[in-house]
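To start, the structure itself, in structure tokens.
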Amino acid sequence: MPLAQIERRAEEMVLHGRINYAYRRQREYMHADRTWGARHAGILRPRPVAYFSAEFGLHESVPVYSGGLGILAGDHIKSASDLDIPLIGIGLFYGQGYFRQRLDLTGWQQEEYIETDVTQVPMEPAIGANGEPVTVRIDTRGGPIFSKVWRVKVGRCDLFLLDSNVDGNSSEDRLLTSRLYGGDGRTRIRQEILLGIGGFRALKAMGITPGVLHLNEGHSGFALLEAIHNRMQDEGLNFDEASYRVSQEVCFTTHTPVPAGHDRFDAGLIEEHLGPLRDLLGISHDRLMELGSEYGESKQMFCMTVLCLKLARRANAVSSLHGEVSRSMWARLTMANTGEPVRIGHITNGVHVPTWLAPQMYRLFDRHLGANWAQHSSEARIWEGIEGVDDGELWETHLSLKSRLLEFVRRQAIEQAARRGEAPETLQRLGRILSPDALTIGFARRFATYKRADLILSDIERLAQMVGDPKRPVQFVFAGKAHPRDEPGKRVLQLVAGLMRDPKFADKFVFVEDYDIDVGRHLVQGVDVWLNNPRRPLEASGTSGQKVVLNGGLNLSVLDGWWAEAYDGLNGFAIGTGRTHLNTQMHDDRDAEDLHRTLRDEVIPLYYHRDRDGLPREWIKRMKRTIRTLGWRFNADRMVMDYTLNGYIPAAGGTSCQMNVNL
Ligand SMILES: *Cc1c(COP(=O)(O)O)cnc(C)c1O
């Protein structure tokens with residue numbers, strides 16, 4: 001827009017006043033005193049926490065995330081800012097992000113890669129201690145890799161993103177950070193030395209010496225080797241002494257029980273990329289390989305999770321059940337320095353409330369939970385106020401969010417169909433799909449096969465009956481991406497999306513393309529029920545259901561991940577009893593049966609049981625119970641407080657008087 005037009009529009013929209021208001025609010029936020037961090041985390045002030053993560057999901061406009069891991073990292077840094085914890089994020093800038101998902105006429109996933117216009121992303125070049133833009137150099141046996149660094153302000157916290165698209169790099173290396181989880185093992189290890197080693201060097205170049213290293217998943221594990229090298233240099237220590245010191249300062253969070261989720265590299269790749277650093281560390285190739293090998297055999301692949309577990313004094317899983325699974329997974333591992341068994345505790349994931357809570361619901365909480373409820377959202381007592389809310393008011397608020405969701409889905413469905421070149425009648429029909437009166441079930445997640453997006457399809461006749469029931473209809477909104485190389489995942493996606501074309505399901509079954517934070521936000525705020533049916537115990541935690549809780553939706557989930565510790569019999573619905581079966585087919589069959597039964601016997605009757613005012617009183621009771629019992633626990637403030645008291649402060653050499661979560 002030309003400037004004059006911008007000015008005219010700004011005037012029309014009373015933009016100056018709105019911007020000034022936002023600016024004042026932001027100033028107040030930045031300068032608040034007596035924050036939780038000021039009172040509890042003073043020890044971290046001189047030497048902050050460096051939080052490494054391969055992805056950060058802050059907002060859909062900064063596409064450097066693919067899914068749960070990234071959203072978690074984004075929520076973590078936002079809560080660290082809210083609480084005023086000295087924490088700096090370190091990640092990579094992916095110029096093309098993950099990918100944009102489009103389905104073709106057969107429902108097959110197509111990936112589009114679009115270059116992000118860096119001038120439109122809220123970031124700027126990071127400036128070093130010398131006043132110049134920071135650049136980082138990493139030597140490999142095959143030559144150096146260079147990187148520049150971007151700085152993103154996340155409230156009080158900084159997030160630094162390394163970007164290999166710089167002069168001096170080969171054309172291949174300039175593309176190194178262009179895509180998230182693209183490329184082969186070689187691309188992957190080069191991204192990971194940038195993240196870990198490059199990230200640590202970038203901090204040094206900016207004059208920042210972290211007091212704690214928090215590695216969010218193993219991708220950034222090489223940071224430990226660089227930290228050891230740094231200590232050897234600065235303090236004249238040998239490798240063993242330095243690695244012992246460093247291990248005391250490290251918190252490592254492991255995120256998945258799925259074997260493919262743990263990066264492994266062969267010895268050749270390790271030597272090529274870590275050789276020069278290994279020379280500086282003064283250790284042999286075998287010794288290095290041993291650090292990443294489960295059984296101490298140097299012939300093995302080098303596993304990043306093993307490296308982190310062997311060198312981190314504090315390690316945790318992301319839910320109670322995942323803690324048990326992780327401990328048995330890594331039972332034979334011993335610490336590199338002391339030879340003691342590796343210990344893994346757990347801190348259950350949570351979500352950043354202001355990010356995921358709908359504004360309408362936020363205002364309702366403002367009216368009923370007391371002033372400053374948002375600053376105390378990790379305290380159970382704050383949420384008790386929800387029981388006093390008028391049933392009608394809560395239900396009306398939910399219905400308005402639901403209708404926003406349905407409009408959003410119709411808009412998306414029309415756009416998608418138009419892009420595929422579908423007939424005008426189809427587009428018109430899509431403008432009328434989905435009913436505000438029907439029980440609406442949402443399902444959005446990666447189409448990894450263990451998440452079983454097609455479980456509900458296992459009995460297609462029963463599903464058709466349910467959807468077509470004239471008195472008590474059920475409708476579904478699906479979304480999610482399959483990894484570009486995951487053919488089985490894409491087939492499941494095609495099957496699910498294909499229902500949209502089946503006359504028995506048309507109008508009642510919609511697949512929304514390109515699941516991202518924007519799509520996710522609409523879904524979690526507007527559904528009646530959130531469906532989650534992974535193959536237990538493969539879902540480490542899951543967080544999307546926690547976003548639904550805040551907005552008054554009810555979870556219908558197998559007892560896996562966070563739900564295994566959240567469900568109390570009345571704050572949502574459970575599929576099955578938490579049993580598993582060694583035979584996958586039997587396991588899936590039983591879960592499918594349980595899913596259909598729970599829908600038929602519990603969910604649908606409860607939803608359609610209305611009183612004279614047309615209100616589903618028993619349903620609303622569950623909505624209140626889910627908000628009251630879960631809102632404070634599965635909350636990123638609570639999560640970051642746990643990390644601070646049980647991880648960061650002890651790692652920085654302080655003592656914590658809080659409960660021990662066995663980190
Ligand atoms: C919350 C969220 C996730 C993670 O949720 P899961 O329950 O782990 O599937 C993934 N993608 C997006 C866009 C999200 O908002």
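The values are calculated or read from the model by the stated rules, or taken from the named source; none is laboratory data. Not measured: the values here are computed from a predicted model. Methodologically, a virtual Cβ is constructed for each residue, glycine included, from the backbone with ideal geometry; neighbour enumeration extends over all protein chains shown.
Look at (1) farther than 26 Å from Ile138 by Cβ; (2) among the charged types (D, E, K, R); (3) more than 31 Å from the chain's Cα centre (by Cα) and you find that Arg327 fails only one, number (3).
Counting only residues that are away from the ligand (no atom under 16 Å from the Cβ) and polar (S, T, N, Q), segment 541-595 holds 6 of them. Considering segment 409-444, and only residues there that are touching a Gly at 6+ places or on another chain (Cβ under 8 Å) and under 23 Å from Gln546 (Cα atoms), the residue that is farthest from the ligand (Cβ to nearest atom) turns out to be Thr440. Exactly one residue among Ala336, Ala315 is in contact with a Ser or Thr (Cβ under 9 Å, 6 or more places away or on another chain), in the same structural domain as Gly221 (by TED's automatic domain parsing), surrounded by 14 or more Cβ atoms within 10 Å (Cβ to Cβ) and in a loop (DSSP other than H, G, I, E, B), and that residue is Ala336. Of the set (1) more than 13 Å from the ligand (Cβ to nearest atom); (2) part of a loop (DSSP other than H, G, I, E, B), all apply to Tyr51 but (2). Taking first residues from segment 414-426 that are in the same structural domain as Val510 (by TED's automatic domain parsing) and surrounded by 13 or more Cβ atoms within 10 Å (Cβ to Cβ) and partners that are part of a helix (DSSP H, G or I) and not hydroxyl-bearing (Ser, Thr, Tyr), the Cβ contacts under 7 Å between residues at least 6 apart in sequence or on separate chains come to Ile414/Leu427; Ile414/Leu430; Ala417/Leu427; Ala417/Leu430; Ala418/Leu427; Thr426/Ala417. Suppose we keep only residues that are farther than 18 Å from Val519 by Cα and small (Gly, Ala, Ser) within segment 90-127. Which one would you say is surrounded by the fewest Cβ atoms within 10 Å (Cβ to Cβ)? Going through the qualifying residues, I end up with Gly107. Screening Leu399, Leu405 for residues that are among the hydrophobic types (A, V, I, L, M, F, W, C) and more than 30 Å from His255 (Cβ to Cβ) leaves exactly one candidate, Leu399.
Exactly one residue among Ser319, Ser284 is within 16 Å of the ligand (Cβ to nearest atom) and either of a type outside the set (Val, Ile, Thr) or under 30 Å from Phe239 (Cβ atoms) (or both), and that residue is Ser319.
Comparison of Leu92, Leu103 shows that the only residue that is in contact with a helix residue (DSSP H, G or I) (Cβ under 6 Å, 6 or more places away or on another chain) and within 23 Å of Lys148 (Cβ to Cβ) is Leu92. The residue list Arg536, Arg521 contains one member that is within 10 Å of the ligand (Cβ to nearest atom) and either closer than 28 Å to Glu461 by Cα or part of a helix (DSSP H, G or I) (or both), which is Arg521. Taken together, Ala380, Ala453, Ala438 contain a single residue that is under 18 Å from Asp514 (Cα atoms), assigned by TED's automatic domain parsing to the domain that holds Leu554 and of a type in the set (A, V, I, L, M), which is Ala453.
Taking segment 524-533 as the range and being within 12 Å of the ligand (Cβ to nearest atom) and in a strand (DSSP E or B) as the test, the residues that pass are Trp530, Leu531, Asn532. When Trp383 is tested against (1) aromatic (Phe, Trp, Tyr); (2) without any contact (Cβ under 8 Å) to a residue 24 or more places away in the chain; (3) surrounded by 21 or more Cβ atoms within 10 Å (Cβ to Cβ), just one condition goes unmet, and that condition is (2). Restricting attention to segment 78-118, the residues that are without any contact (Cβ under 8 Å) to a residue 24 or more places away in the chain, more than 23 Å from Asn165 (Cα to Cα) and not in a strand (DSSP E or B) add up to 0.
Of all the listed residues (Thr449, Thr426), the sole one being polar (S, T, N, Q), within 31 Å of the chain's Cα centre (by Cα) and modelled with pLDDT under 95 is Thr449. Within segment 500-518, the only residue that satisfies the criterion of being within 7 Å of the ligand (Cβ to nearest atom), assigned to a loop (DSSP other than H, G, I, E, B) and in contact with a Gly (Cβ under 8 Å, 6 or more places away or on another chain) is Tyr515.
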